[in-house]
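**Student:** Dumping the structure here so I can ask a few things about it.
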Amino acid sequence: MKIYRNNHPWTHHIIEGFLRPKDFDKIIELTAGIPRGKNESRYSGFIKPKCETSQTICKIYSERVDFLVEKYFPDVNMDDYAILIEYASCGKGFEYPMHNDAPEKLFSIVHYISPDNSEGTKLYNKDKSFHSEAEWKPNNALMFRRTEDTWHSFSSKNFIRQTINIILAEKKEKSLDRIRYNDESSQINIIK
């Protein structure tokens, strides 16, 4: 794993080889049965550790997040935050507009899963003008701490875009409700 810090247009990290190859292969295998986004739509949901398969997914990502928080965000007390794992699949032609993450999210990691070629995450300046794109490469990730200026967007014009989004959010019930973590309709039930 190689981590590159970039301060423009806002502080973010590009992580090459986010997971060890064997763990990445396991994630591909375990998410293979989850539905994909249809044309111009997005299928997403939180993965909760309810069965052996989802427990394995959560364990792989939680171990990586614990390491990254300790190294890059030593001021964060993990007792106050929950690690949320969200699967997202965007169908061909889907576009998610420029946005800033919800205030309940301390930081986000967008882990690129498949396909081999797709569009990365677009990053914007404070004035909301386009700045650059966090290049798409399977098993790479974009990590950032949310601020008022972390404007970004994503799309999947020509390919189905699959990501695992890892979110560090306040453990407070109200905060988790606001990002729909406790809503049954926003959860993926993996049966294997």
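**Student:** Would you mind stating whether Lys92 is of a type in the set (Lys, Arg), touching a Ser or Thr at 6+ places or on another chain (Cβ under 9 Å) and surrounded by fewer than 18 Cβ atoms within 10 Å (Cβ to Cβ)?
**Tutor:** yes
**Student:** Right, next: Which ones in region 44-67 are within 19 Å of Lys22 (Cβ to Cβ), of a type in the set (S, T, N, Q) and either touching a residue at least 40 places away in the same chain (Cβ under 8 Å) or not in a helix (DSSP H, G or I) (or both)?
**Tutor:** Thr53, Ser54
**Student:** Among the residues of region 112-126, how many are over 16 Å from the mean Cα position of the chain (by Cα) and either closer than 17 Å to Thr11 by Cβ or in contact (Cβ under 8 Å) with a residue 40 or more places away in the chain (or both)?
**Tutor:** So the count comes out to 4.
**Student:** Residues in region 121-135: is at least one crowded, with 17+ Cβ neighbours inside 10 Å and on the phi > 0 side of the Ramachandran plot?
**Tutor:** For region 121-135, residues crowded, with 17+ Cβ neighbours inside 10 Å and on the phi > 0 side of the Ramachandran plot: absent.
**Student:** I need the full set of residues from region 152-168 which are closer than 19 Å to Tyr96 by Cβ and either of a type in the set (Asp, Glu) or crowded, with 22+ Cβ neighbours inside 10 Å (or both), in order please.
**Tutor:** Of everything in region 152-168, those that are closer than 19 Å to Tyr96 by Cβ and either of a type in the set (Asp, Glu) or crowded, with 22+ Cβ neighbours inside 10 Å (or both) turn out to be His152, Phe154, Ser156, Arg161, Gln162, Thr163, Ile164, Ile166, Ile167.
**Student:** Let me ask something else. Looking only at region 16-44, which residues are among the β-branched types (Val, Ile, Thr) and touching a Phe, Trp or Tyr at 6+ places or on another chain (Cβ under 8 Å)?
**Tutor:** Result: Thr31, Ile34.
**Student:** Among (1) modelled with pLDDT under 90; (2) surrounded by fewer than 18 Cβ atoms within 10 Å (Cβ to Cβ), which single condition is Glu29 missing?
**Tutor:** Here Glu29 clears every test but (1).
**Student:** Something else: With the condition kept exactly as written, say whether any residue in region 89-103 is touching a residue at least 12 places away in the same chain (Cβ under 8 Å), closer than 20 Å to Arg64 by Cβ and assigned to a strand (DSSP E or B).
**Tutor:** no
**Student:** Another question, if that's okay. I'm told Ile113 meets every condition in (1) assigned to a strand (DSSP E or B); (2) at pLDDT below 90 except one. Can you identify the failing condition by its number?
**Tutor:** All conditions pass for Ile113, except number (2).
The values are calculated or read from the model by the stated rules, or taken from the named source; none is laboratory data. Note that the structure is a prediction, hence the values are computed from the model and not measured. Because the Cβ atoms are built from the backbone with ideal geometry, glycine has one as well, and the counts that use them run over all protein chains shown.
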